[in-house]
Amino acid sequence: MAGSYVIIGDGIAGSSAAESLREGAPDADITVITDEGEALYNRILIKEFAKGKLPAAPMSIHDPEWYDERDIDLQLDTHVTAIDTDEHTLHTHEGTEYTYDKLLVATGGTPVQLPVDNSDAEGVHHFWTFDDARAIKEHAEDADTGVVVGAGLLGIDFAAICGAQEIDAHYLMRGECWWRYALSKDGADIIHNALEEKNVTPVFDSGVDHFEVDDSGHISSTVDPNGETYDSEFAGVAIGLDFNLEVLQGTDIERDDGVVVDEYMQTSVDDVYAAGDLTRFYDTIIDDYAQNGSWGSAKEQGTIAAKNMLADGEEEAFRWVSSYSITHFDFPFLSFGHPTIGDDHAEAKFSDTEWRRLAFKDGKIVGGVLIGDLAPQSKYKKLAREERVVADQKDVLMAEEVDLDDLAPAPEQ
Ligand SMILES: Cc1cc2nc3c(=O)[nH]c(=O)nc-3n(C[C@H](O)[C@H](O)[C@H](O)COP(=O)(O)OP(=O)(O)OC[C@H]3O[C@@H](n4cnc5c(N)ncnc54)[C@H](O)[C@@H]3O)c2cc1C
């Protein structure tokens, strides 16, 4: 199949889409445009680089030759500024115009800045790109004191970086526990204790009122809303992502804190697809719109989008239970699906480092968190994918050894 396909973004969603497009359309024109200066690298691993645990080399996934070999036109350092969906064109900051038959928007997100004084001071870091990781590493190596803000999956990376770089750090959290939307205090205490062991002190019911800076404009301390001051030559802020939607301004593409797509990754406008972190996609497992911020999900969305951009008739739906693991501690940690939603939950603690929690919606597993023992993950994910009603059998699900044969047989559908 020929035709011209343009992809905005060379993260894992855009890059996997390019690969699938080439596999399915050997003669097509395929262009990938990214405003970063390097081709696809492993965003998951840049935290290990910032911790000082990994050299830069293994971070790269594709070099430019990978694109050349597949006859994919890769445009680095190129920011797409506008799309005209009527004309099927897009424009870059350099004034270049590209024409497409089918377009994929895979532009991801940008970390949100704290709306407080001096949040743009030198030494206050956000974390998304390899460039960010280089700056974080360089600065963390020299800093003795620090704060981390944002009690979620990226905040914990900053905390681990502080630990690894021997920064005496305070982790300022709202509420009384880390990732309070997915973990109870029982589960979060395992994380709190592990942080303490790394010399990162959790501070609850806290946050940032403002940062203070020295004469050179560099952060020197952090003042929380209770008036407590924490010496901090380094600050890591991870309070969420703003999705990169500016490029869609002036189009009719539906947005709702992300790009709205159906289960085929198709936007509301013909010939425009979206994939990766920035989508609000129709999740056929929970029968509702949802968002995923994980590598595996972004990769699969890119692949599915590409298949559907090429499909002539039969389209393939995105149906996926995502997972996200943390490897900073002596024990493993994994969250899967949508652990922060649901109308019911079950949890159990087995030891000082073993705990798990499941979230249910309409009696079905929609997500969960496992700490210490990840063995039941595939069973839980299977039940989630099968949309099986199991919330009435929490004793079986929370057994230390989960045996799906102990569940009452699923009723015939
Ligand atoms: C430090 C860190 C650790 C993480 N750890 C994990 C983990 O352990 N497990 C996990 O599952 N996930 C993890 N994630 C999340 C995971 O990396 C993301 O979910 C995934 O990379 C999203 O891929 P994407 O392709 O949708 O977006 P992105 O990777 O954000 O790619 C989007 C690309 O589009 C470019 N772009 C944006 N706008 C434009 C424009 N107008 N013109 C041209 N280019 C543009 C951006 O510069 C970027 O290169 C981590 C993320 C970070 C930052």
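Observations
- Summing charges over neighbours of Ala133, with a neighbour being any other residue whose Cβ is under 14 Å away from its Cβ, gives -2 when K and R count +1 and D and E count -1.
- Peptides 248-255, 35-42 ranked from most to least packed by the mean count of surrounding Cβ atoms within 10 Å: 35-42, 248-255.
- The local environment of Lys394, defined by Cβ-Cβ distances under 10 Å, has a net charge of -4 under the rule Lys, Arg +1 and Asp, Glu -1.
- Alpha-carbon centroid distance for the pair the stretch 267-305 / the stretch 224-258, whole angstrom: 21 Å
- With each label modelled as a point 7 angstrom along the Cα→C-beta vector, the Asp362-Lys379 pair spans 2.5 nm.
- Each of Ile161, Ile341, Ile8 was scored by other Cβ atoms within 10 Å of its Cβ. Arranged with the fewest first, they read Ile341, Ile8, Ile161.
- Extension reserve of the Glu314-Phe350 stretch, reckoned as 0.36 nm per residue once the Cα distance is removed: 8.3 nm
- Translational diffusion of the stretch 113-237 was estimated from the Stokes-Einstein equation, with Rh taken as the Kirkwood radius over Cα pairs; at 37 °C and 0.692 mPa s the coefficient is 231 µm²/s.
- Average Cα contact separation per residue, the chain, under 8 Å, 6 or more apart, as relative contact order %: 14 percent
- Taking Cβ atoms as reference points and 11 Å as the exclusive limit, the residues near Ala375 contribute a net charge of -2, counting Lys and Arg as +1 and Asp and Glu as -1.
- Shape of the chain, Cα gyration tensor, a/c cut at 1.5: oblate
- Over 24 Å (Cα to Cα) - which of Lys361/Lys381; Lys102/Lys299; Lys53/Lys185; Lys53/Lys198; Lys137/Lys381; Lys51/Lys349 fall in this group: Lys53/Lys185; Lys137/Lys381; Lys51/Lys349
- Put the Cα centre of the stretch 105-127 next to the Cα centre of the stretch 140-180 and the gap is 16 Å.
- Take the Cα of Asp288, go 7 Å toward its beta carbon, and the backbone nitrogen atoms of the stretch 351-382 under 15 Å from that spot belong to 359-368.
- Between the residues Ser323, Ala28, Tyr5, the greatest Cα displacement towards the positive end of the dipole of the chain, with unit charges on the Cβ of Lys, Arg, Asp and Glu, is found for Ser323.
- The listed peptides 353-366, 381-394, ordered by packing as a protection proxy, come out as 353-366, 381-394 (highest mean of other Cβ atoms within 10 Å first).
Bear in mind that the values in this text are calculations on the coordinates, not laboratory data. Computed from a predicted model, the values in this text were never measured in an experiment. Using ideal geometry, Cβ is built from the backbone for each residue, glycine included, and neighbour counts are taken over all protein chains shown.
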